[in-house]
Amino acid sequence: MSNQTLGFVGVGRMGGPMASRLLEAGHSLCVFDTNPAVVKPLTDRGVASASSAEEVASRAEVVFLSLPTPPIVQSVSLGDKGILKGSRVKTMIDLSTTGPSVAKVVARAAGERGVAWADSPVSGGVTGAAKGTLAVMVSCPKPTFEEIDPLLKVFGKTFYVGDKPGLAQIAKLANNLLAAAALVVSSEAVAMGVKAGLDAKVLIDIINAGSGRNSATEDKFPRSILPRTFDFGFATGLSYKDVRLCVDEAESLGVPMVAGAAVRQMLAITQAKYGADSDFTMIAKVVEEWAGVEIK
């Protein structure tokens, strides 16, 4: 695949750094995004740009997608001027968090066109995307995985979970539920400690040296909550979408998610108060307001 042009649709916060990783690995790219501002840094480096997803898929046999919501993934894949309208595409690799339902719909449509489909959601944030340290979950037929694995390893460590469409999406939703849950519960615990008279940084250091440490206390609090910047880099609306998809999928499988539903509600409240574009570390601000204390 090193000599062929790769397509990339959606080069925003996550897609941009991943496309850049492919470029740095020596691959030629053709990209499309509805936002010209995120395309420019790539075209400035010699990357070809297209006027639609269809054009990308008419210039590349392998097309990556990195898009924010399931409806957008479905539309960009199946709609007018969508990827499956392209004349050259043979393999679609979805790096988005779409949930299993849309993955199954698009995989079926792709199969009818003779196009291979791979679910490949990623975890590790913008920093991981830039450094190539993402966790890359993959579900697709094994021969497809063996063909695309060298490309996916440019992004980080790959985890093949099976050939069932949507299975990698389940793994990603489970991961993102836990990440959000850690943030919610850690915010409550630290707010309690601060209101009782503990220094927030000292409490976080204690937690991180003990059994309560988690992704929120080790990363999100030191980086974005204690400095009061609330700029970790993941939108509240996207976290809410992921947790909602997770709880909905669990319910459809007959798996109770009492705690998961509470996390979903906290994200809904944070989104209603601060907006979908706010950083999801603003969950701590909601807890602060209710507790009548500032985590510092």
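The values are calculated or read from the model by the stated rules, or taken from the named source; none is laboratory data. Source: prediction; values computed, not measured. No Cβ is skipped: glycine too gets one built from the backbone with ideal geometry, and neighbour counts run over all protein chains shown. Ligands, DNA and RNA are stripped out before the accessible areas are found, and what is left, the full protein with its side chains, is counted by its heavy atoms. Shrake-Rupley method; radii C 1.70, N 1.55, O 1.52, S 1.80 Å.
A few remarks follow.
- Within segment 80-108, considering residues that are more than 23 Å from the chain's Cα centre (by Cα) and open to solvent by less than 30 Å² (accessible area, probe 1.4 Å), the one nearest to LEU29 (Cα to Cα): VAL89
- Criterion (modelled with pLDDT under 95 and either open to solvent by 40 Å² or more (accessible area, probe 1.4 Å) or more than 22 Å from THR133 (Cβ to Cβ) (or both)) met by exactly one of ASN3, ASN35: ASN3
- Test result for ALA130, open to solvent by 20 Å² or more (accessible area, probe 1.4 Å), more than 18 Å from the chain's Cα centre (by Cα) and at pLDDT 95 or above: no
- None of ILE204, ILE148 is farther than 19 Å from MET92 by Cα and open to solvent by less than 20 Å² (accessible area, probe 1.4 Å) except ILE204.
- Hey, ASP248 at pLDDT 95 or above, within 17 Å of the chain's Cα centre (by Cα) and either surrounded by fewer than 23 Cβ atoms within 10 Å (Cβ to Cβ) or not β-branched (Val, Ile, Thr) (or both) or not: no
- Scanning segment 213-245 for residues that are open to solvent by 60 Å² or more (accessible area, probe 1.4 Å), at pLDDT 95 or above, closer than 16 Å to LEU178 by Cβ and outside any helix (DSSP H, G or I) yields a single hit, ARG213.
- Residue count for segment 40-66, restricted to those that are among the hydroxyl-bearing types (Ser, Thr, Tyr) and open to solvent by less than 30 Å² (accessible area, probe 1.4 Å): 2
- Residue match in segment 113-123 (condition: surrounded by fewer than 19 Cβ atoms within 10 Å (Cβ to Cβ) and of a type in the set (Asp, Glu)): no
- Test: residue in segment 175-191 that is free of Cβ contacts under 8 Å to residues at least 40 places away in the same chain and more than 20 Å from ILE295 (Cα to Cα): yes
- For the criterion of being under 16 Å from VAL190 (Cα atoms) and either modelled with pLDDT of 95 or more or of a type outside the set (D, E, K, R) (or both), ARG264 fails.
- Lone unmet requirement of (1) over 19 Å from the mean Cα position of the chain (by Cα); (2) loosely packed, with under 15 Cβ neighbours inside 10 Å for VAL185: (2)
- Identity of the residue in segment 67-79, surrounded by fewer than 22 Cβ atoms within 10 Å (Cβ to Cβ) and among the β-branched types (Val, Ile, Thr), that ends up farthest from the chain's Cα centre (by Cα): ILE72
- Filtered residue count, segment 246-296, keeping only those that are assigned to a loop (DSSP other than H, G, I, E, B) and basic (Lys, Arg): 1
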